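Laboratory data are not the source of any read-out in this text; all were calculated from the coordinates shown. Just so it is clear, the model here is predicted, and its values are computed rather than measured. Every residue, glycine as well, gets a Cβ built from its backbone with ideal geometry; the counts of neighbours run over all protein chains shown.
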Amino acid sequence: MADVDANFYTGQAFGTHFVDQSGRVACNFNPVMGGCVLTAPAHHASSTMPVCAGSDTAMPYTAVGWRTASELQTQAPTTCRTLDKVFNMPLGPGPDGTFKDAELPVNSRITIRTSFDDPSATIVCGSRASGLRCSNSAGHGFFADSVGLDVY
């Protein structure tokens, strides 16, 4: 996998944000929280999935990620339902369900610092034709493809 410069994906809004090649997985990470929103039909959230904090409307999409700085560095991500925007993302999906942020190219990897103080605290996301995998420095993360989501 080719490494990409996280600076290219940083600055449009608070955090480092990108989409996968399908445009249906949009991610944003910063030192306080981070994760992704998934809009593919296979990722529509069930009514039994918890609602994301701060959401009070119908929530068809699944969000996966870390809600605090300490979770970012040490814990497995969690999932919740969201309308379209979470993790301070600059844009929601368009009418076709895709996001319009900068694309993380297939067969590339981005390393994002998740601490101002600890340079070893990172999230690494890798994009392949088969899907997107993001893991924290403790080895916890998720894999999202067009048909499912695996959290570990």
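If you take the Cα centroid of region 1-37 and the Cα centroid of region 98-152, the two points sit 8 Å apart. Using a Gaussian network model of the chain in which every pair of alpha carbons under 10 angstrom is joined by a spring, one finds that among PRO77, PRO41, PRO31 the greatest mean-square fluctuation is at PRO41.
Of the residues THR111, THR74, SER146, the one whose Cα sits farthest towards the positive end of the charge dipole of the chain is SER146 (charges of +1 on Lys and Arg Cβ, -1 on Asp and Glu Cβ, taken about the Cα centre).
Quote to one decimal, in nm, the extra length available between SER146 and ARG128 on full extension: 0.36 nm per residue of separation minus the C-alpha distance between them.
Net length gain for the segment: 5.3 nm.
Each residue, HIS44 and THR74, gets one label point 7 Å from its Cα in the Cβ direction; the gap between the two is 3.9 nm.
Taking the chain as a Gaussian network of alpha-carbon nodes connected by springs under 10 Å, the highest mean-square fluctuation of the residues PHE142, PHE29, PHE116 belongs to PHE116. Each Cα pair under 8 Å and six or more residues apart adds its separation to the average, and for the chain the resulting relative contact order is 26 percent.
When the chain is treated as a GNM with alpha-carbon contacts under 10 Å, the residue of SER135, SER70, SER120 showing the greatest mean-square fluctuation is SER120. Spread over its residues, the convex hull of the C-alpha atoms of the chain is 102 Å³ per residue.
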